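Colleague: Before we start, here is the structure in question, set down as structure tokens.
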Amino acid sequence: MPDPSSDNLVEALRKAVSRTSMMAEGMDPELDKTLAQIRRTISGEADENDVRLALKEAEPRLIAADKSRAERAKLFKDSLLDLIESLNSLPNHHIPNQKKSALETNIRSHWQSSYQWPALLAEFLILTKATFNQEAVKKRSFFSRLFTKEETKSEKSEQDVVNDISRTLLNLLGNLALPIEYDEQVSELKSLLEQEKKLQIVPQILSESINLTMIALGSSQQELTSYLGKLNKQLASINISVGNSYKAQKTLSTHRESFNDKIQQQVSETSTAVDEADDLTELQKLISVRLDNISNTMTEYQKQMIEQEKTATQSITQLRQKVSKMEKDSSNLRINLQQKIAQATTDTVTNLPNRSAYQDTIMPMCQLAQKSKKPLILGVFDIDHFKNVNDTWGHLAGDKVLNLLPRQLKNVLSEKDMVFRYGGEEFVFLLPNCNLLDAKNKAEAIRDAVEKMPFNVNGEPVPITISIGIAQLATGESHEALFERADKLLYQAKSAGRNRVISE
């Protein structure tokens, strides 16, 4: 008779393997097919040989996927070191040696761990901004040159360095395995790299590259690797427990067979003795002895059964605890993955949803508005003369402006309204169930709040303004067409003198 506890355990293990195989998907299309086959195999009434065969077929693909991952990791490491070398070659700028050395150490320690790539890129972005804000190296005194050793920079122009950085970032982007819905964003970023050969554009491109890297990796590989390691240990422990349970069941079966043999032997010997007995007294004694033997055999068997049942109960309890822990770990991983997805769709400077989040949001928002026949407003705005802020006071000042903006927006926008950092100094906001007149009033309130935003550099007030274009979703219109209309209105606002709102 099948043991319900064993059936439940097998079912739990099947679910664990199935869910784990889903987490390993996305590295290789052929591997995905094999993993899907494994799930189909273990979900049916497959025997041990079927499962072994499916796992054997998956092994070479897993090895190939791991080799591909190692090659991508090496390319990432080489690209990042090339970026540092290019930055170090920048004329009239001094790279902070302490930050440079720290980054190079981190690269050597973490380049093989893909979940660390966004952090390494972010560290390079910090190094880039620090280099851009560093004053040009002044000519040192004779004694300074005599007693201080410094690496000799290669003779490269600023344009050469920008070309090197652009070329390296293009290779890096080509190394990312992104979902197809991000093709347009990657293409735009590549076009920017190929066309805008300006030093000031590098931090923006690096920031967007970090977001794309986080999306490509899911930023979940650290949790996944850790979880798989724990899962491997838990499965090994469960395997031992299952083996012990099997041995206990086998011992129980052996004891049962031994008990049956002894009882049959006692009955047979009693029957023979009865046939051979000469008088009643002798027969009574003989039967009494045989009954005592049978009673002792039953008592011994009962003790063995109690002990084996106790052992089996402990084994099953341990298995249930281990399976419960696996389910808890799986739930924790799912929560962590959701948190990492949220991080991948959040801009690191403003803490606003980023362009990836916008792309995930805009289509369902438009579909809902079309279906419900309720208005939807899309606004595009960017910071006027933001390049001048970066060029005059440095990128740290520019980041401060970007960091202050969301506070002004929250004072104007409602909870149902959404705002995204689209890229650089450009932002997008969505106003659901809002007519054009109310949207224009709200946009004016945003513009006014930003204009009154207190911003100082070295105690000197710096005026910050924005230009806004807003458009309402038309019947049957695509989200791309809606954005294009709002973007054109933004440029009309800029052409009209900036610091204004232009609507349809």
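Colleague: Determine ³J(HN,Hα), in whole Hz, for all residues of the stretch 65-79 in sequence, where each value follows from phi through the Karplus function 6.51 cos²θ - 1.76 cosθ + 1.60 and θ = phi - 60°; x replaces Gly and Pro.
Modeller: Coupling constants for the stretch 65-79: 5, 5, 5, 4, 4, 5, 5, 5, 5, 5, 4, 4, 4, 4, 5 Hz.
Colleague: Taking the C-alpha atoms of the stretch 355-503, how large are the radius of gyration and the largest Cα-Cα span, Dmax, in Å?
Modeller: Computed over the Cα atoms of the stretch 355-503, radius of gyration and Dmax are 15.4, 52 Å.
Colleague: What does the charge add up to near residue 470, with Lys and Arg as +1, Asp and Glu as -1, over the other residues with Cβ less than 12 Å from its Cβ?
Modeller: Here the count lands on +2.
Colleague: Would you please put 422-433, 69-80, 364-375 in order of how densely packed they are, using the mean number of other Cβ atoms within 10 angstrom per residue and starting with the highest?
Modeller: Descending packing order for the listed peptides: 422-433, 69-80, 364-375.
Colleague: Say R0 is 45 Å: what FRET efficiency, to the nearest 0.05, do residue 388 and residue 64 get from their beta-carbon distance?
Modeller: 0.30
Colleague: A further question on this structure: Beyond a 21 Å Cα-Cα separation, which of these cross-linked pairs lie in this structure: 416/440; 374/494; 400/442?
Modeller: 374/494; 400/442
Colleague: Can you work out the Karplus-derived ³J(HN,Hα) for every residue in the stretch 401-412? Use 6.51 cos²θ - 1.76 cosθ + 1.60 with θ = phi - 60°, whole Hz, and x for glycine or proline.
Modeller: My calculation for the stretch 401-412 gives 4, 4, 6, 7, 4, x, 5, 5, 5, 5, 6, 10 Hz in order.
Colleague: Sorted by mean Cβ packing within 10 Å, highest first, what order do the peptides 386-392, 349-355 take?
Modeller: Going by the mean number of other Cβ atoms within 10 Å, highest first, we get 349-355, 386-392.
Colleague: What distance in nm separates the two pseudo spin-label positions at residue 371 and residue 184, each 7 Å out from Cα along the beta-carbon direction?
Modeller: 2.0 nm
Read-outs: derived from the displayed coordinates by stated rules, not from any lab. As the structure is a computational prediction, the values presented were derived from the model and not from experiment. Methodologically, a virtual Cβ is constructed for each residue, glycine included, from the backbone with ideal geometry; neighbour enumeration extends over all protein chains shown.
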